[in-house]
Amino acid sequence: MQRTGGAWSPDVFAERDSFTPEPLAAFRKAAEDTVLAAAGDGVRAMVVRPGLIWGPGDHGHVPMVYRSVATTGAAAYVGPGLNTYSHVHIDDVTRLFTLALAGGRAGGLYHAVAGETPNRWIAERVAADLGVEARSLTPGEPAGVWGEFGALVMAASSRIRAVDSRRELGRHPERTDMLTMIGKARLRALSA
């Protein structure tokens, strides 16, 4: 995750690319490193690193934009709203775990990703669904809408590629368009 203030980031990371972890998520990288180190001790340990997970029961960007309507009266995004998260449907995450368990190598690191969607595109689709405007929040508003951590997430970019997942496991996601969930009754209810 990169703090971009809602701006686009050209940076995208494959499984073995080096990166500097966001300080609030450094514990996750430390846990991954511990698991991968166990592979050196003869344990068939591997890591699956999903993008933003969507689908039934999720708590990702689409539900957060629907919730912003209840708070602000508009489908909200941060800054220019071009910040982008790589995403993956929960069913494709479970398929990747199955592939990794069946054929993953010890020390394997596998990304689960199916597509990317900028936050402004999400807000524009939610706005059209609900008949409200889509708008950028002012710098002081996001924490009041989504809380401190949610504001960070909604203003950041996190883009990944699944090079090893495809090459080593033959993984190809089946659900690639997160925007297909726009209009679901369970999400519309969040805007009230």
Of the criteria (1) at pLDDT below 95; (2) surrounded by 14 or more Cβ atoms within 10 Å (Cβ to Cβ); (3) of a type in the set (Ser, Thr, Tyr), which one Ser136 fails: (1)
Residue under evaluation Gly183, criteria (1) more than 27 Å from Pro10 (Cβ to Cβ); (2) part of a helix (DSSP H, G or I); (3) free of Cβ contacts under 8 Å to residues at least 60 places away in the same chain, criterion not met: (2)
Every residue from region 12-67 that is part of a helix (DSSP H, G or I), open to solvent by less than 60 Å² (accessible area, probe 1.4 Å) and farther than 25 Å from Ala102 by Cα: Ala25, Ala26, Ala30, His61, Val62, Pro63, Met64, Val65, Tyr66
Among (1) crowded, with 18+ Cβ neighbours inside 10 Å; (2) aliphatic (A, V, I, L, M); (3) out of contact with any Pro (no Cβ under 8 Å at 6 or more places or on another chain); (4) over 23 Å from Glu124 (Cα atoms) - the single one Ala75 does not satisfy: (4)
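Every residue, every condition in (1) under 25 Å from Asp11 (Cα atoms); (2) part of a helix (DSSP H, G or I); (3) at pLDDT below 95; (4) open to solvent by less than 10 Å² (accessible area, probe 1.4 Å), yes or no:
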site	(1), (2), (3), (4)
Trp121	yes, yes, no, no
Val126	no, yes, no, yes
Gly140	no, no, yes, no
Val145	no, yes, no, no
Glu148	yes, yes, yes, no
Ala151	yes, yes, yes, no
Glu168	yes, yes, yes, no
Pro173	yes, no, yes, no
Thr176	yes, no, yes, no
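The values are calculated or read from the model by the stated rules, or taken from the named source; none is laboratory data. Predicted, not measured: the structure shown is a model, and the values here were computed from it. Backbone-built Cβ (ideal geometry, glycine too); neighbour counts: all protein chains shown. Just the protein is used for accessible areas: all its heavy atoms, side chains included, with ligands, DNA and RNA removed. Shrake-Rupley method; radii C 1.70, N 1.55, O 1.52, S 1.80 Å.
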